[in-house]
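The values are calculated or read from the model by the stated rules, or taken from the named source; none is laboratory data. Everything numeric in this text was worked out from a predicted model, so none of it was measured. Neighbour counts run over all protein chains shown; Cβ positions are idealised from the backbone, glycine included. Just the protein is used for accessible areas: all its heavy atoms, side chains included, with ligands, DNA and RNA removed. Shrake-Rupley method; radii C 1.70, N 1.55, O 1.52, S 1.80 Å.
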Amino acid sequence: MAKHRIAVIDGDGIGPEVVAEVMRVLEAVAGPAGFEYETTFFPWGCRYYVEHGHTMPADGIEILSRYDAIFLGAVGDPRIAPEEVTGVGPVLAIRFGFDQYANIRPVKPLPGAPYPLARPTPDEIDFTVVREATEGIYVGLGGRFAPDDPQVAEIAAMRKIFGRSKELALQTGVYSEAGCRRVIERAFRLAEERDGKRLVTSATKANAMKHGMALWNDVFADVASKHPDVRSEWNNIDALSMRFVLKPESLDVVVAPNLFGDILTDLSAALLGGLGFAPSANLTDSHFPSMFEPCHGSAPDIAGKGIANPTAALLTLAMMLEHLGEDVAARAVEDGVREVVARGAVRTPDMGGSASTEDMGQAVAEAAVRLVECA
Ligand code: IPM
Ligand code: MG
């Protein structure tokens with residue numbers, strides 16, 4: 001019997017609440033689906049920061065490398081630690097540490113979930129964003145400089161206003177040929193596997209970012225030429241954002257550089273009914289673990305009230321189970337969520353109901369177990 005070792009970082013805010021429901025559903029389906037698992041919780045994030053001054057231990061990556069998968073709830077609470085501290089660790093530290101370059105964010109609205117558009121109908125939308133997650137503007141290169149610092153002399157001379165500012169900040173993006181290639185390649189493979197339109201849309205912006213996006217576009221054209229069975233196209237990120245709202249049904253697989261993908265996937269979460277519905281996986285090709293985390297943040301404003309919607313986290317669990325090879329359990333969890341949301345008897349306040357996080361988790365656990373048993 002397969003035994004999966006799962007590292008859990010439940011994190012801050014609503015993280016622990018939604019993760020508790022993930023654990024409930026995991027525990028419910030494991031036996032009937034015929035697998036074993038073991039979880040280890042790591043209290044990293046703001047709780048850890050208060051005690052240690054950083055959000056995870058220095059050997060955190062080494063510790064996590066012994067697991068088959070990582071499940072992360074949500075990290076961050078601006079009342080406790082600055083955003084630039086909580087974002088960089090553990091989320092970015094883990095993505096970078098394990099080379100989790102492919103951030104997969106499916107956009108398939110659930111029947112019964114809140115839906116913001118007059119058209120198309122939600123069942124016409126089914127696409128996936130493949131976001132590059134280790135490069136671009138996220139690499140953290142740059143710094144803050146006085147304009148007379150010799151390191152930035154040339155830049156300070158570029159514009160009058162630069163020279164007379166008290167301070168200059170540089171934020172450098174890095175786009176590597178191999179890094180662009182592997183994520184674009186993955187997007188094309190996904191388009192081939194999906195039962196969809198076999199279309200890959202590239203999110204780009206070469207009209208303003210003449211180095212990084214020109215490289216991205218060249219690699220995209222090259223990879224596209226090797227997949228003649230898949231149609232390909234590019235959209236500048238501004239126009240593509242509009243298309244996410246006006247013509248989302250025209251999309252199949254969208255591949256995007258890191259920051260563009262980050263922004264686009266909060267936009268696409270709106271198509272799903274809000275951040276409470278948007279799952280995500282950070283996949284690596286290395287032998288290290290991949291990480292599974294809902295797209296939402298820690299929502300400190302509603303933390304501790306038991307009203308957070310665990311749907312995103314539960315759909316993320318389904319992605320993790322699929323990744324671990326537990327297809328029956330994965331399908332049952334996804335269909336269980338689908339069934340509970342469609343039935344509408346148990347709805348958290350973001351869906352206009354008054355059910356608790358726990359009520360939703362319980363309802364999904366029951367549905368998922370029944371689905372495993374009939375599978
Ligand atoms: C996400 C989040 C992260 C990101 C933050 C927490 C660094 O917004 O997963 O979308 O920007 O990647
Ligand atoms: Mg984001």
With a 1.4 Å probe and every protein chain left in place, work out the accessible area per residue of the chain in Å², rounded to a whole number.
-> 44
Longest principal axis of the chain (C-alpha) makes with the long axis of helix 327-343 (C-alpha) an angle, in degrees to the nearest 10, of 80
The chain: most fluctuating residue of THR121, THR201, THR265 per GNM, C-alpha cutoff 10 Å = THR121
Helix 15-33 versus the longest principal axis of the chain: what angle, 0 to 90°, nearest 10, using Cα atoms?
-> 50
Highest mean first, what order results for 194-200, 325-331, 252-258, 162-168 on Cβ atoms within 10 Å?
-> 252-258, 325-331, 194-200, 162-168
Compactness check, the chain: C-alpha Rg relative to the 2.2 N^0.38 Å globular estimate gives 1.02
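Past 30 Å, Cα to Cα, is the threshold; run LYS247/LYS305; LYS205/LYS247; LYS108/LYS210; LYS197/LYS305 against it and keep the listed order.
Too far apart for the 30 Å limit: LYS247/LYS305; LYS108/LYS210; LYS197/LYS305.
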Rounded to the nearest 5, what % of the DSSP beta bridges within the chain are antiparallel ones?
-> 40
Most fluctuating residue of ASN217, ASN207, ASN103 in a GNM of the chain with Cα springs under 10 Å: which is it?
-> ASN207
Per residue and in cubic angstrom, what volume does the convex hull of the Cα atoms of the range 56-161 have?
-> 242
Could you give the angle, 0 to 90 degrees to the nearest 10, between helix 237-246's Cα long axis and the longest principal axis of the Cα atoms of the chain?
-> 30
Debye intensity ratio in log₁₀ form over the Cα atoms of the range 184-324, taken at each q of 0.09, 0.10, 0.15, 0.17 Å⁻¹ | -0.32, -0.40, -0.87, -1.08
Average Cα contact separation per residue, the chain, under 8 Å, 6 or more apart, as relative contact order % | 23
Quickly estimate the mean residue ellipticity at 222 nm for the chain, helices only: each DSSP H run with n ≥ 4 gives -39500 (n - 2.57), and the total goes over all residues, rounded to 500.
-> -12000 deg cm²/dmol
When the accessible area of the chain is computed with all protein chains present and a 1.4 Å probe, what percentage of it is carbon and sulfur?
-> 54
Ranked by GNM mean-square fluctuation in the chain (Cα springs under 10 Å), the top entry among MET23, MET319, MET158 is MET158
